[in-house]
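This report concerns only the one structure given below.
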Amino acid sequence: MENGSNYLGESEVFLDFLNRLSEAARVDRSVLVVGERGSGKEVAASRLHYLSSRWQNPLVTVNCAALPQNLIESELFGYEPGAFTGAQKLHKGRFEEADGGTIFLDEIGLIPLEVQEKILRVVEYGTFERVGSSRTHNLNVRIVGATNADLPRLCSEGRFKQDLLDRLSFEVIFVPPLRERGDDIILLAQYFAEKMAIECGLETGPSFSPEVIEQLLSYPWPGNVRELKNVIERAVYRNRGGEIKTIQLDPFANPYAAPDAPPAAKAAADTSAQSRTMAPEMTLGPQEMLDRALEGIGLTELESTKRRVEQALLDRALRSCSNQKEAAELMGLTYDQFRGLVRKYHK
């Protein structure tokens, strides 16, 4: 994502966030940046670095989630020749590359405990050793960590060192989620739309219909700015210029699948289907059951058929219920009417 996009915003919550970043940048201490996925934690770390006194020195970014657990230590601290199979020459780690500047550890909560211990030494004493060596090296680096995990909870579960959390959390800065930034959503959407229009070679810049604007403002944006960027760019390239009247929030929505029925219609359809598969005597009233049974019956057979149906319904109700009162309710009869049937067919 373009770094400039995350600096766009006029909402009070966003301006307060930028002010906190600027204040923290001036103090040469470790900082934790906490935010949801796609909210711009890496951009926040970049701003911290370039507003600090270290801005002319390296900013080294490490995505801890992308590194295999068994390689994180050697990636961060380097290794000596012969430290392990395949280690044929000296390799400087990311901390060493960031000497004098800032190292940004994204998804810091995923770092193994034994590596956390080495990071703690860097924070406390400014020293480290490469893998496969006992020689201590001095280091001057500022650590900015980022996570969307609950680090205090990880500490209580024994998955993150409390001492390290204490050292890293000189300042904890929370990146506001996009849904809390109000009209910044439209400002960012217009920015992404214009950038995509240029990329697509469109002559006119896109605009948004009132319906789309309302949809953008009411959607919760779980993927934050990154998700908004994808949605807008997809809409621009599909629309090919002019006013954007529709957007697709879910890229995995299958356009060829049968549309779901509205809830009320679906419930009615389910009830209808259930009625067709259940026994008639369990879904119809007594008179309706008789009428259904007598359809197509000749008059000479009417009386005998009616008796057979009544007795069948009576027997089923008696088998299905624990007492005669419940059976009467099941058949839609008063207790006296039900007792009359019992006496008629069970003398």
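The values are calculated or read from the model by the stated rules, or taken from the named source; none is laboratory data. These numbers were taken from a predicted model, which means no experiment stands behind them. Here Cβ is always computed from backbone atoms with ideal geometry, including for glycine, and neighbour counts include all displayed protein chains.
Restricted to segment 1-100, the set of helices (runs of 4 or more DSSP H) holding at least 3 residues that are touching a residue at least 40 places away in the same chain (Cβ under 8 Å) and within 27 Å of residue 227 (Cβ to Cβ) comprises 12-25, 41-50. Do we have residue 21 as more than 30 Å from the chain's Cα centre (by Cα), of a type in the set (A, V, I, L, M) and surrounded by 15 or more Cβ atoms within 10 Å (Cβ to Cβ) here? Spelling it out, it is not the case that residue 21 is more than 30 Å from the chain's Cα centre (by Cα), of a type in the set (A, V, I, L, M) and surrounded by 15 or more Cβ atoms within 10 Å (Cβ to Cβ). Of the candidates 174, 160, the single residue that is under 30 Å from residue 235 (Cβ atoms) and aromatic (Phe, Trp, Tyr) is 174. Helices (runs of 4 or more DSSP H) fully within segment 148-208 that include at least 1 residues being surrounded by 15 or more Cβ atoms within 10 Å (Cβ to Cβ) and of a type in the set (S, T, N, Q): 184-199. Looking only at residues of segment 73-102 that are under 15 Å from residue 129 (Cβ atoms) and aliphatic (A, V, I, L, M), we find that the one that is surrounded by the most Cβ atoms within 10 Å (Cβ to Cβ) is 76. Could you pull out the residue among 39, 52 that is of a type in the set (Gly, Ala, Ser), farther than 27 Å from residue 114 by Cα and modelled with pLDDT of 95 or more? The unique qualifying residue is 52.
Residues of segment 132-161 that are hydroxyl-bearing (Ser, Thr, Tyr) and within 23 Å of residue 96 (Cα to Cα): 133, 134, 136, 147. Yes or no: segment 247-254 includes at least one residue that is among the charged types (D, E, K, R) and modelled with pLDDT under 65. For segment 247-254, residues among the charged types (D, E, K, R) and modelled with pLDDT under 65: absent. For segment 315-326, enumerate the residues that are within 15 Å of residue 345 (Cα to Cα) and either not charged (D, E, K, R) or not in a helix (DSSP H, G or I) (or both). The answer is 317, 318, 324.
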